[in-house]
């Protein structure tokens, strides 16, 4: 007889994936990819789509957590200019930081907590 180590008989928790959209503007780029801890630094795994006018985008879904990543623009690795945070990498460059909240709503709350407060009584 096999022993069930999952004493409450609940299925193993699978992390809920959260939708994430990356955007980038570069008028002369031919290819733009994402490489990071979410895809084992393999840029070919996440190619951005071009709108045809220098606007690039990629929608994906990631488990909640913190990730490091770079954009790979025509073979050149660079940090995301829209990233709020970055860290030095071991190659003398910079990696961008992405925090994925546990839900879209939690992400909005986190964003709102970082906005400056406005006093409605002052013009």
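Each value in this text was obtained by applying a stated rule to the coordinates, not by laboratory testing. Quantities reported herein were computed from a predicted structural model and do not represent experimental measurements. Glycine also receives a Cβ, built like all others from the backbone with ideal geometry; neighbour counts cover every protein chain displayed.
At a glance:
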| read-out | value |
| --- | --- |
| Percentage of interatomic Cα-Cα distances in segment 18-113 larger than 15 Å | 61 |
| Proxy reagent accessibility, fewest Cβ within 10 Å first, across 80, 74 | 74, 80 |
| Ranked 84, 21, criterion: other C-beta atoms within 10 Å, fewest first | 21, 84 |
